[in-house]
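The values are calculated or read from the model by the stated rules, or taken from the named source; none is laboratory data. Bear in mind the structure is a predicted one, so any value in this text is a computation, not a measurement. Positions of Cβ are generated from backbone atoms using ideal geometry, with glycine treated the same way; all protein chains shown enter the neighbour counts. Surface accessibility is based on the protein's heavy atoms, side chains included, excluding ligands, DNA and RNA. Shrake-Rupley method; radii C 1.70, N 1.55, O 1.52, S 1.80 Å.
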Amino acid sequence: MKTFDVINPATSAVLDRAPDQSVAEAKAALEKSVAAFGMWKAKTPFERSAVLRKWYELIVKDEDTLAKMMTGEMGKPITESRGEVKYAAAFVEWYAEEAKRAYGEIIPTHANNKRMFATRQPVGPVYAVTPWNFPAAMVTRKVAPALAAGCTVVLKPAEQSPLTAIRLVELWVNAGGPPDVFQVITTMDPAAVSAVFFDDARVRKLTFTGSTEVGIKLYQLAAKTMKRVSLELGGHAPFIVCEDADIPAAVQQVMLSKFRNAGQTCVCANRIYVHEKIQSPFAEAMADSVKKLRVGDPMSDQTQVGPLVDQQGLDKVASHVDDALGKGATAMVGGRKKEGLFFEPTLLTGVSAGMRILEEETFGPVAPIVGFTDEAAIIRAANNTPYGLAAYVWTRDLGRAFRIAEQLEYGIVGVNDGTPAVPHAPFGGVKFSGIGREGGPWGMEEYLDVRYISVGLP
Ligand code: SIN
């Protein structure tokens with residue numbers, strides 16, 4: 001069997017090897033997925049729910065193994081990996097319950113001799129492509145609603161994090177899940193393997209989390225066979241701290257939002273706009289917190305910030321910081337590469353328009369602070385981006401909270417909340433941040449087609 005190396009970003013050493021599957025293997029997986037669809041969709045929602053429930057229980061029991069695997073393959077601090085296993089399992093638990101609630105509607109009739117219904121049916125076999133930054137939760141966030149709806153899934157995880165995905169499929173099978181209903185394909189040739197699924201009209205749905213650049217390409221490829229799509233793409237989250245904000249609470253939450261996963265989430269605060277009246281105390285308090293962050297071996301319970309996932313990620317972070325410093329910003333804390341793939345947790349002040357960090361997603365442990373005075377101007381600045389995934393606003397004034405939240409062109413707005421994502425709420429963006437929603441009932445709708453039945457009465 002051909003394999004490829006899985007690299008531990010904390011040490012740059014080979015951690016393990018994963019199967020490097022071929023186009024022929026992708027074709028075989030597709031055929032199995034298509035063949036299994038009829039059987040899986042014919043199961044009652046209660047039967048599907050029972051398997052999902054068992055899968056949830058096995059994931060919870062496997063927390064230690066999954067967490068170590070994740071930390072090993074992508075460098076997330078182990079305490080965060082344990083949290084991610086719980087987060088990932090919670091999607092499965094929620095959709096095990098939701099499987100039983102794919103209700104239809106009775107449509108009021110316009111004619112006494114007709115009765116009309118809208119029912120839900122699974123879209124069909126699904127191709128799912130997941131990223132490395134949440135190797136477990138991004139899998140279950142897609143796969144659990146798809147399986148609950150009655151779809152079959154072939155999953156292609158990112159090349160950096162195949163091990164967690166393989167383990168999740170093993171647990172599915174251990175839970176009594178039919179192997180052909182949920183399969184994983186790992187490969188170093190994603191374009192050729194993915195083409196198998198894009199070119200086949202029997203695959204009815206693409207679900208993807210990753211960069212906007214790749215998302216646009218996949219959207220075009222999916223159009224050839226008119227697949228339904230869910231795309232969860234890049235973000236550039238503004239974090240607006242108004243003059244009346246609770247500064248300690250805002251600092252505590254911006255730290256969570258910015259430095260979780262070493263800044264490698266799509267919803268991380270990327271631009272921190274602070275009202276000039278409170279900019280100094282806010283920046284001082286944040287600098288104190290950034291200095292205290294413990295950077296190091298992600299397998300240690302003490303570590304809060306691990307390495308970047310790879311050299312490309314590290315280079316991008318360094319280039320954003322160099323660009324900002326070169327154009328007049330100041331590093332209040334950090335600002336430099338450390339050994340290997342580590343970067344110092346960094347706080348930049350004096351950041352202004354025209355710097356790359358205010359325009360592009362950094363995906364790293366760097367927080368730029370920008371001062372503001374005018375509410376209308378800061379809303380315009382926050383919206384002045386192609387992205388529209390998550391935004392945050394901090395204020396104690398309820399009127400201002402609603403005024404700003406309602407004008408932000410984003411799919412998710414956290415008001416005095418730096419971590420709004422949960423399995424039962426809608427997650428997704430507008431503009432170039434994507435199409436569709438994951439989580440809650442919205443996440444399952446993505447895998448269901450509406451079927452209208454009109455019954456003529458004798
Ligand atoms: C993401 O970065 O795409 C996911 C973040 C989350 O679910 O909190």
Accessible area (Å², per residue) of the stretch 316-435, counting only protein heavy atoms and a probe of 1.4 Å:
41
Linear extension gain, Lys327 paired with Asp297, 0.36 nm per residue minus alpha-carbon span:
7.5 nm
Note down the nm distance, to one decimal, between modelled labels 7 Å out along Cα→Cβ at Ile106 and at Lys27.
5.1
Whole-number D in µm²/s for the stretch 394-436 (Stokes-Einstein; Kirkwood sum over Cα pairs; 10 °C, 1.306 mPa s)
137
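Tell me the per residue accessible area of the stretch 24-83 using a 1.4 Å probe; a whole number in Å² is fine.
Details: 2640 Å² over 60 residues.
Per residue, the stretch 24-83 has 44 Å² of solvent-accessible surface.
If you place +1 on the Cβ of every Lys and Arg and -1 on the Cβ of every Asp and Glu, how big does the dipole about the Cα centre of the stretch 288-390 come out, in debye to the nearest 20? Please report the intermediate quantities before stating the final value.
Details: 10 positive and 14 negative charges, 44 e Å.
Roughly 220 debye for the stretch 288-390.
Once you have the Kirkwood Rh of the chain from its Cα pairs, apply Stokes-Einstein at 37 °C and 0.692 mPa s and quote D in µm²/s. Walk me through the intermediate numbers first.
Working: Rh = 23.0 Å.
Result for D is 143 µm²/s.
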What accessible area, in Å² to the nearest ten, does a 1.4 Å probe give for Leu233?
10
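Dividing the alpha-carbon radius of gyration of the stretch 132-251 by 2.2 N^0.38 Å (N being the number of residues), what value is obtained?
Details: Rg = 17.6 Å, N = 120, 2.2 N^0.38 = 13.6 Å.
It is 1.30.
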Mind checking the angle between helix 279-292 and the chain's longest principal axis? C-alpha axes, 0 to 90 degrees, to the nearest 10.
70
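Of all trypsin sites (Lys or Arg not before Pro) in the stretch 231-309, which ones are in loop regions per DSSP and have a Cβ with at most 16 other Cβ atoms within 10 Å?
On the way: sites: Lys258, Arg260, Arg271, Lys277, Lys291, Lys292, Arg294; in loops: Arg294.
Answer in residue order: Arg294.
Any chance you could run the full-extension gain for Asn113 through Trp442? It's 0.36 nm times the residue separation minus the Cα-Cα distance, nm to one decimal.
On the way: separation 329, 0.36 × 329 = 118.44 nm, distance 3.39 nm.
Once the chain is fully extended between Asn113 and Trp442, it gains 115.1 nm.
Go ahead and estimate [θ] at 222 nm for the chain from helices alone: -39,500 (n - 2.57) per DSSP H run with n ≥ 4, summed, over the residue count, rounded to 500. Don't skip to the end; give the middle numbers.
Numbers: 14 runs with 185 residues, N = 458.
Helix-only estimate at 222 nm: -13000 deg cm²/dmol.
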Using 0.36 nm per residue of separation minus the Cα-Cα distance, give me the extension gain between Asn416 and Lys86 in nm, one decimal.
116.4 nm
Within the chain, percent of DSSP bridges classed antiparallel, to nearest 5
40
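What net charge is computed for the residues neighbouring Ala222, neighbours being all others with C-beta under 9 Å from the C-beta of Ala222, Lys and Arg scored +1, Asp and Glu -1? It would help to have the intermediate numbers written out before the result.
Details: positive: Lys205, Lys224, Lys227, Arg228; negative: none.
Once positives and negatives cancel, what remains is +4.
Starting from the coordinates of the alpha-carbon atoms of the stretch 209-360, obtain the Kirkwood hydrodynamic radius over all distinct pairs and give the value in Å to one decimal.
Details: mean 1/r = 0.0588 Å⁻¹.
Over the stretch 209-360, the inverse of the mean reciprocal pair distance is 17.0 Å.
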I'd like to compare 215-228, 299-312: which one has the highest average count of other Cβ atoms within 10 Å, and what's the full order after that?
299-312, 215-228
So if we plug the beta-carbon distance of Ala425 and Leu457 into 1/(1 + (r/R0)^6) with R0 = 41 Å, what FRET efficiency do we get, rounded to 0.05?
0.45
Rounded tilt (10° steps) of 162-174 against the dominant C-alpha axis of the chain:
40
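From the protein chains alone at 1.4 Å, what is the descending order of accessible area for His424, His275, largest first? Spell out each step's value before the answer.
Working: His424 100, His275 15 Å².
My answer, sorted largest first, is His424, His275.
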Leaving ligands, DNA and RNA out of it, report the carbon-plus-sulfur percent of the accessible area of the chain at a 1.4 Å probe.
56
Provide Asp374, Asp449 ordered by accessible surface of protein heavy atoms (probe 1.4 Å), highest first.
Asp374, Asp449
